[in-house]
1. What is the extension gain from residue 176 to residue 224, computed as 0.36 nm multiplied by their sequence separation minus the C-alpha to C-alpha distance, in nm to one decimal?
2. What length, rounded to one decimal in nm, is gained on full extension from residue 98 through to residue 247, with 0.36 nm per residue of separation minus their alpha-carbon distance?
3. Sort 88, 82, 317, 128 so that the residue with the fewest other Cβ atoms within 10 Å of its own Cβ comes first and the one with the most comes last.
4. Rounded, prolate or oblate: pick one for segment 225-327, where a ≥ b ≥ c are the square roots of the eigenvalues of its C-alpha gyration tensor, a/c under 1.5 means rounded, and failing that, prolate if a/b is larger than b/c, else oblate.
5. Could you order the peptides 245-254, 271-280, 331-340 from most to least packed, using the average number of other C-beta atoms within 10 Å per residue?
6. Between residue 61 and residue 231, take the C-beta separation as r, use R0 = 51 Å, and let me know the FRET efficiency to the nearest 0.05.
7. Just need the relative contact order of segment 230-360 here, percent rounded to a whole number, with Cα pairs under 8 Å and 6+ apart.
8. Using only the Cα atoms of segment 159-271, build the gyration tensor, take square roots of its eigenvalues as a ≥ b ≥ c, and label the shape rounded, prolate or oblate: rounded if a/c is under 1.5, else prolate if a/b is larger than b/c, else oblate.
């Protein structure tokens, strides 16, 4: 008999550190949700942004419907799931490819959410396919209708599918940036508000779980990169990476609330820059980018809606990092479009604070 090899001292120390890090992360997650989560200041009624006035009829049973839905489900599992943010984590891939479809057999909000996002994906390669265009309209409408019903009837039993469906809405809202009209420029409020609403619903669903760590979506919450250490995300060191974006002009109202909103938005972008410098996996950077609308202060989002030049300039720096993921179907060329559109919306003086983002898309400030 061979003696069983004992773990070395370094291996034991590593396991101990990993257990300690995991326990610390769990405490921070619990604290975040206990304190109304990272979205505590958003002030947005989650239901109000999930397209409340939807008049959608159910789809009649037919052979063509069954074949289309099989095609869409196959596309979701085979071609889409592994591209979602954080899917460099095997457990996250398993959740999207195995757990979510299984839950979708029982819960229509998740089923229609899967079919809806699958049609969006297929339409990118087949933008004139009339069958897919009609399917997208139907399934998106049904997904929103059923999600609103699920929120109204929220309980522990439907919390997991509610959370999965919320994530799909979040990704779908981001993917919609590729289609929006940007001339004349208007801020991307549909994305920002839908993302905030989806995040609020996810938080409500996760809080409804009786045992968080036994929930199907626990792996999504605790996945790397870890985004629940708000003090770290909004740290001075992250903020200082873009401190030159925080010098108030005499023309701006600059009270403490305004300063904090800008500082937190800039600090979060600094955390994205740090992740790039640390050579995080692209899908880890994607998780950070996708969470931007959920984590930044709602006051900053209001500044974007008001088209305040400083807010738009800061947003351009966010999109500059998003260019790295333009090979992902849900990103595409939206970041380049948004940066170019913001350039046209601000004066030359403000464009001078966009030199980095403009250079990334082959542009430069112009009077």
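Only the coordinates and a few stated rules stand behind these numbers; no lab work does. No experiment lies behind these values; they were computed from the predicted model shown. Here Cβ is always computed from backbone atoms with ideal geometry, including for glycine, and neighbour counts include all displayed protein chains.
1. Numbers: separation 48, 0.36 × 48 = 17.28 nm, distance 2.52 nm.
Answer, rounded to one decimal: 14.8 nm.
2. On the way: separation 149, 0.36 × 149 = 53.64 nm, distance 4.89 nm.
Extra length available between residue 98 and residue 247 comes to 48.7 nm.
3. Numbers: 88 19, 82 14, 317 23, 128 7.
With the sparsest Cβ surroundings first, the list reads 128, 82, 88, 317.
4. Details: a/c = 1.90, a/b = 1.64, b/c = 1.16.
Judged from the Cα gyration tensor, segment 225-327 comes out prolate (a/c at least 1.5, a/b above b/c).
5. Numbers: 245-254: 11.3, 271-280: 15.6, 331-340: 20.5.
Highest mean packing first, the order is 331-340, 271-280, 245-254.
6. Working: r = 53 Å, r/R0 = 1.04.
It comes to 0.45.
7. Values: 122 pairs, mean separation 28.8, N = 131.
So the answer I get is 22 percent.
8. Working: a/c = 2.52, a/b = 1.45, b/c = 1.74.
Because a/c hits 1.5 or more and a/b fails to exceed b/c, segment 159-271 counts as oblate.
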